[in-house]
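The values are calculated or read from the model by the stated rules, or taken from the named source; none is laboratory data. Keep in mind it's a predicted model, so treat the numbers as computed, not measured. Here the Cβ positions follow ideal geometry from the backbone for every residue, glycine too, while neighbour counts run over all protein chains shown.
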Amino acid sequence: MTLRDDGAAALEWAADYLERVRDLPVLAQVEPGEIRARLPATPPEQGEPFAAVLADLEHKLLDGVTHWQSPRYFAYFANTGSEPGILAELLAATLNQVGILWRTSPVLQELEELACDWLRQLLGLPGTFVGHIEDSASTATLAALGAARAAAPGRRAVYTSEHAHSSVAKAARILELELRPVEVDDAYRLRPELLELADACAVVATIGTTSSAAIDPVPAIGDACEAAGAWLHVDAAYAGPAALCEELRPLFAGWKGADSIVVNPHKWLATPMDCSVLWTSRVDAFREAYSFVPEYLRASEDVVNLSELSVPLGRRFRALKLWAVLRCFGADGLRAMIREHVRLAGEFAGWVEGEPGWALCAPRHFSLVCFRRDGSDEDNEALLDRVNSSGEVFLSHARLDDRFVLRLAIGNAGTTEEDVRLAWDVLRREAA
Ligand code: PLP
């Protein structure tokens with residue numbers, strides 16, 4: 001095995017894949033168990049050439065790939081593993097850094113701090129926020145609520161909107177906190193007048209909910225938290241990158257007052273899975289909750305190791321890809337991508353609105369459109385199934401006001417107006 005030869009072949013495969021991905025069926029068209037059945041049930045005794053791995057990827061595994069890299073991927077929250085991110089992942093694996101202490105990888109720690117700080121500046125957050133990278137928003141929210149719990153002993157309630165991501169409920173369950181879902185208004189925003197925070201350790205507000213990208217009233221929630229001494233965690237996992245654009249920044253009103261904020265570059269910032277940035281203005285509370293330094297990890301440097309701010313001890317070099325993305329796109333490039341996605345979502349919403357028999361189902365702020373076809377939930381669900389099994393595009397759904405609605409989420413850097421138009425044509429074709 002030589003890295004040069006096999007590496008050249010792997011890179012060639014990767015480049016070729018990205019060139020043809022638009023035309024592959026977006027949702028994997030396989031049955032459960034089908035991919036596994038194609039592979040030997042037992043591992044090889046003798047090593048095989050890497051070329052065999054690459055051949056199986058092409059001929060046996062590719063059918064089982066749902067193509068998140070497709071410009072025609074519109075489900076959940078679409079994303080992009082962009083070129084700088086892909087190459088940085090290769091280099092990060094090559095360097096194989098294990099960040100347990102500053103000294104085990106000074107570059108990992110310092111680049112992580114720098115990249116998070118660059119992104120903080122781009123989003124217009126104050127310098128009081130200190131960031132680090134987690135694997136996912138779920139972990140980030142768990143970490144934030146763990147810090148909030150430690151900061152308010154005896155207070156066990158967590159308030160969040162009934163439309164908050166399930167990761168909030170999961171974190172509450174793990175931390176043995178009592179989750180109190182709060183009703184939303186007619187725009188799917190948490191109703192702050194329903195907060196009763198006397199025994200609350202935290203409120204999780206969302207800017208860009210998963211179901212409809214609704215925006216909770218963060219300023220009012222922040223005031224309530226401040227008055228009650230409760231921690232405010234803002235989940236902007238999907239929508240956060242939109243704060244790069246000055247004209248969208250008003251949608252983030254109040255988030256500067258948060259105790260912690262999570263934004264996922266692996267959702268809408270061209271960064272390959274996984275990369276979730278968690279900032280806090282209360283770094284001491286995180287340290288209080290997570291700093292354990294056993295004897296074998298004691299070192300002479302006067303540095304707060306990133307492992308003292310989060311659950312894992314060892315961390316991988318995720319910062320390299322975030323830094324590469326920020327450098328290679330530049331703020332302007334990222335803003336252009338986000339603006340184009342917001343524009344395309346507006347176009348799509350216009351087509352839906354202008355077509356009899358179709359209706360928009362939620363206010364639109366970012367790059368997500370919620371809509372449905374006249375008819376029953378079952379009709380809409382069957383329509384979505386037909387659209388997705390065509391393989392031409394992939395959309396997902398949500399439940400709003402107890403109705404099944406379709407979601408078109410734009411987030412792939414390669415998506416063009418033609419791709420969005422194709423989604424609309426396929427929807428109309430299958431509805432007919
Ligand atoms: N928060 C919001 C608003 C989300 O939409 C999602 C996932 O879609 C999450 C959190 C969880 O993200 P992750 O997969 O990074 O845990």
*Residue that is within 16 Å of the ligand (Cβ to nearest atom) and not aromatic (Phe, Trp, Tyr), where the choices are Ala147, Ala200, Ala157, Ala164*: Ala164
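Is it fair to say Leu297 is within 15 Å of the ligand (Cβ to nearest atom), aliphatic (A, V, I, L, M) and more than 20 Å from Asp135 (Cα to Cα)? So that I can check it myself, show each step before the final result.
Numbers: within 15 Å of the ligand (Cβ to nearest atom): no; aliphatic (A, V, I, L, M): yes; more than 20 Å from Asp135 (Cα to Cα): yes.
So Leu297 fails the test.
Within segment 99-107, can one find any residue that is within 16 Å of the ligand (Cβ to nearest atom), crowded, with 17+ Cβ neighbours inside 10 Å and either touching a residue at least 40 places away in the same chain (Cβ under 8 Å) or not charged (D, E, K, R) (or both)? Outline the logic, then answer.
From segment 99-107, those within 16 Å of the ligand (Cβ to nearest atom) are none; that's our starting set.
Scanning segment 99-107 turns up no residue that is within 16 Å of the ligand (Cβ to nearest atom), crowded, with 17+ Cβ neighbours inside 10 Å and either touching a residue at least 40 places away in the same chain (Cβ under 8 Å) or not charged (D, E, K, R) (or both).
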*Among the residues of segment 25-52, which ones are surrounded by fewer than 14 Cβ atoms within 10 Å (Cβ to Cβ) and in a helix (DSSP H, G or I)?*
Glu34, Arg36, Ala37, Ala51, Ala52
*asked:* Here's a check for you: in segment 212-256, which residue that is buried (at least 23 other Cβ atoms within 10 Å of the Cβ), among the small types (Gly, Ala, Ser) and more than 17 Å from Pro126 (Cβ to Cβ) is farthest from the ligand (Cβ to nearest atom)?
replied: Ala230
*Can we say Thr66 is touching a Leu at 6+ places or on another chain (Cβ under 6 Å) and outside any helix (DSSP H, G or I)?*
yes
_Failed item in (1) in contact with a Ser or Thr (Cβ under 6 Å, 6 or more places away or on another chain); (2) among the aliphatic types (A, V, I, L, M); (3) within 19 Å of Leu27 (Cβ to Cβ), with Ala413 passing the rest_ = (3)
_Could you go through segment 259-268 and let me know if any residue there is in contact with a His (Cβ under 6 Å, 6 or more places away or on another chain), in contact (Cβ under 8 Å) with a residue 40 or more places away in the chain and either more than 10 Å from the ligand (Cβ to nearest atom) or not small (Gly, Ala, Ser) (or both)._
yes
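Looking for whichever is under 24 Å from the mean Cα position of the chain (by Cα) and touching a residue at least 40 places away in the same chain (Cβ under 8 Å) here; the options are Trp351, Trp323. Which one fits?
Details: Trp351 fails: under 24 Å from the mean Cα position of the chain (by Cα).
The unique qualifying residue is Trp323.
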*asked:* Given the options Ala150, Ala172, Ala140, name the one that is surrounded by 23 or more Cβ atoms within 10 Å (Cβ to Cβ) and farther than 25 Å from Ala253 by Cβ.
replied: Ala172
*asked:* I need the full set of residues from segment 269-280 which are within 12 Å of the ligand (Cβ to nearest atom) and either of a type in the set (Ser, Thr, Tyr) or outside the structural domain of Pro153 (by TED's automatic domain parsing) (or both), in order please.
replied: Thr271, Ser276
*Restricting to strands (runs of 3 or more DSSP E) lying wholly in segment 216-295: which have 1 or more residues that are farther than 29 Å from Ala93 by Cα?*
231-235, 260-263
*Of the criteria (1) touching an Asp or Glu at 6+ places or on another chain (Cβ under 9 Å); (2) outside any loop (DSSP other than H, G, I, E, B); (3) surrounded by 14 or more Cβ atoms within 10 Å (Cβ to Cβ), which one Leu57 fails*: (1)
_When residues of segment 168-211 are limited to those that are among the β-branched types (Val, Ile, Thr) and touching a helix residue (DSSP H, G or I) at 6+ places or on another chain (Cβ under 7 Å), the one nearest to Ala228 (Cα to Cα)_ = Val203
*Residues being without any contact (Cβ under 8 Å) to a residue 60 or more places away in the chain and touching a strand residue (DSSP E or B) at 6+ places or on another chain (Cβ under 6 Å): count how many of those fall in segment 406-425.*
1
_Output for segment 281-337, where each listed residue is closer than 19 Å to Cys116 by Cα and among the polar types (S, T, N, Q)_ = Ser281, Asn305, Ser307, Ser310
